[in-house]
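Right, one structure below, let's go through it.
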Amino acid sequence: MRPPKQMLVALLSGCVLATVVGRGHAYSRGAPDQVCQSMTPLHQGAQPQTPGTSPFLVTPALLQAGQGSPLKLMVSSPSELTFAGFFLQARDPRDPLEPLGTFTVVPGFAQAINCASGVRNAVTHVNSTGKKSLQFEWEPPADYEGPIQFNATFVQDYSTFWVGVLSDKVEVAKRSVDNPAQSTGISTTRAPKTSTVPAYIPEIEVKAAATDDPIYSGCGSTKSCFGAPDQCLDTKSCTAVTTVQVEGDRYTFEVKGRGAGYAAVALSDDSKMGDDSVMECARDSAQNRPANVYLSYNTDKTNARSTAGVSFHDVIYEASSDGYILSEIVTFASASKLLLRLHGAFMIAAWIGAASVGILLARYFKQTWVGKPFCGKDQWFAWHRILMLLVWSLTIAAFVLIFVELKSWSSEDNPHAILGTVTTLLAFFQPIGALFRPHPGSRRRPIFNWLHWLLGNMAHILAIVTIFFAIELSKAQLPEWTTWILVVYVAFHVAMQFVLSVVGCASERTTSSRVNSFPMSDRTSSRSPLSDADRRTDAPLSCFRKLLLALYLVVIIVLTVVLIIIVVLAPIEETWEKFRGT
């Protein structure tokens, strides 16, 4: 489950010890317990729409289920609309007051809650991010027999919501009864509106013997093949695969996908969607019949064809690494993601690792290791400068790498790109401004100190927020639980700054007490409350500060290494499964 955005904002605001009050939404963190029975949002002054007009659907994978056996279902939008909030339960249509069963699998952007005396018998959203489709697994009670119907509430915005959106009825039978599936996938309860987005077909895993699939026969010898994910052709276990066989002037294409309602191959002069000729295999979710074949033309992210239907991929997307002549028999390789992975690794090393330590040293360790210079400078300053130059170098390199990879501005609807650009600009000018810092005795020095502190902290906070948004990028292929690692980092960083601030106050109080015990003649001869002897020695509690720094370094290094591994080996779950299988 992804943590609420309000939680992230609260944690991040602690970096500058400020209080952030976010704009409230009635549905921003999920349905409250008091609406478990009515399922009606507590939106003052707003009335629900007619359930039959809902553009959103609740679709079970099967229309029969066994007692205690999991059932997959989908809440989705077959149109371009997204829903900000939802509330979903399973109920007995003969007595539709109490929720039944348990939601055993809940995706990100959702959470299971307890209604009445049940446990995990309802699901709702965790934030108001727009959603198009979510897949769940629900398990009927072990002793229940009879029909159930999924009952949903969908919220598009504060004043637009639907209550009582029902799925098809599902018959729950005894375990001993053989329950053949009435459908091999999710079918909608009514024909969706014409759209560039399909009704979603859930990813029901197919574990048939892949080695017997004839589509792989002749790959690399009599026909060219391309599959996704990468290297799946070797194991004949592709989620989606296409082949082309050339006989004179005749080009025969095969397209196959499993666990989806759509598979397609496009002929393009680059690795991006747009201006491509597309051959589609699309299942019409409104009709119980095999998939249809369409020819279409890809404009930007949508297809133009004469017959309405599915035209947006919802499972996997890959482009080959190079262009080929179709008459040449080859095994296509997926485009390399090396530059993309390096971009992520560099940014994490820069802002989670180097920047965090560099900022901490400059803020809390100026009176530590006094009289033990490094390269002719105070140790805190020498290491601060080294680390921040490393941040500058890694950030600029990562910024260049991502533009080399994409060759254009990101097309994803995500603020990651714009926030990353602002962060890079701040990081670029920060060390340049430091070159012009006034002399310590100058009246302009305090102004410089405040500006340097402000820009540095702004860049650091923006960088962390940008990394949070990177988790939602499809190209990143990061698991949603990566968010929790970042939350641990933010919480630890803020907590350590708080502890060091308390230690600093205690140190200053000890020093002040010692200064106040001096004779009047000794105090008035100095422009500073610190004597020369104090300046030449470490501040009190320096050993404790060094111990805290050692702890901080260990935790930050571990978190940085873990995050870099997740980014470089993404998708990490698939990589781990391959590693375990070797």
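Before moving on, here are some points about what is shown:
- Among the residues listed as LEU73, LEU81, LEU62, the single one being surrounded by 20 or more Cβ atoms within 10 Å (Cβ to Cβ), among the aliphatic types (A, V, I, L, M), touching a residue at least 60 places away in the same chain (Cβ under 8 Å) and not in a strand (DSSP E or B): LEU62
- Failed criterion for PRO198 (all others in (1) at pLDDT below 80; (2) surrounded by fewer than 16 Cβ atoms within 10 Å (Cβ to Cβ); (3) in a loop (DSSP other than H, G, I, E, B); (4) not hydrophobic (A, V, I, L, M, F, W, C) hold): (2)
- Pairs linking a residue in the range 218-236 that is without any contact (Cβ under 8 Å) to a residue 60 or more places away in the chain and outside any strand (DSSP E or B) to a residue that is of a type outside the set (Lys, Arg) and loosely packed, with under 14 Cβ neighbours inside 10 Å, with Cβ atoms under 7 Å and 6 or more positions apart or on different chains, are LYS236/THR211.
- Residue count for the range 544-582, restricted to those that are closer than 13 Å to PRO479 by Cα and among the charged types (D, E, K, R): 2
- Among the numbered conditions (1) part of a strand (DSSP E or B); (2) among the charged types (D, E, K, R); (3) crowded, with 17+ Cβ neighbours inside 10 Å, the only one that ARG120 does not meet is (1).
- Condition met for LEU57 (buried (at least 18 other Cβ atoms within 10 Å of the Cβ), closer than 18 Å to VAL172 by Cα and either polar (S, T, N, Q) or touching a Pro at 6+ places or on another chain (Cβ under 9 Å) (or both)): no
- Residue match in the range 161-172 (condition: modelled with pLDDT under 90, part of a loop (DSSP other than H, G, I, E, B) and loosely packed, with under 15 Cβ neighbours inside 10 Å): no
- Residues that are free of Cβ contacts under 8 Å to residues at least 24 places away in the same chain and surrounded by 13 or more Cβ atoms within 10 Å (Cβ to Cβ) number at least 2 in the following helices (runs of 4 or more DSSP H) confined to the range 333-451: 379-406, 416-434.
- Among the numbered conditions (1) assigned to a loop (DSSP other than H, G, I, E, B); (2) touching a Phe, Trp or Tyr at 6+ places or on another chain (Cβ under 6 Å); (3) touching a residue at least 60 places away in the same chain (Cβ under 8 Å), the only one that ALA463 does not meet is (1).
- THR423 vs. criteria within 31 Å of the chain's Cα centre (by Cα) and in the same structural domain as ASN449 (by TED's automatic domain parsing): yes
- Any hit, the range 481-495, residues being modelled with pLDDT of 85 or more and in a loop (DSSP other than H, G, I, E, B): yes
- Candidate set from the range 84-115 (those that are assigned to a loop (DSSP other than H, G, I, E, B) and in contact with a Leu (Cβ under 9 Å, 6 or more places away or on another chain)); member that is surrounded by the most Cβ atoms within 10 Å (Cβ to Cβ): GLY101
- Answer residue from the range 549-571, given it is crowded, with 18+ Cβ neighbours inside 10 Å and of a type in the set (A, V, I, L, M) and is farthest from VAL357 (Cα to Cα) among those: ALA570
The values are calculated or read from the model by the stated rules, or taken from the named source; none is laboratory data. Everything quoted here is computed from the prediction, not taken from an experiment. Neighbour counts are summed over all protein chains in view; Cβ atoms, including those assigned to glycine, are modelled from backbone coordinates with ideal geometry.
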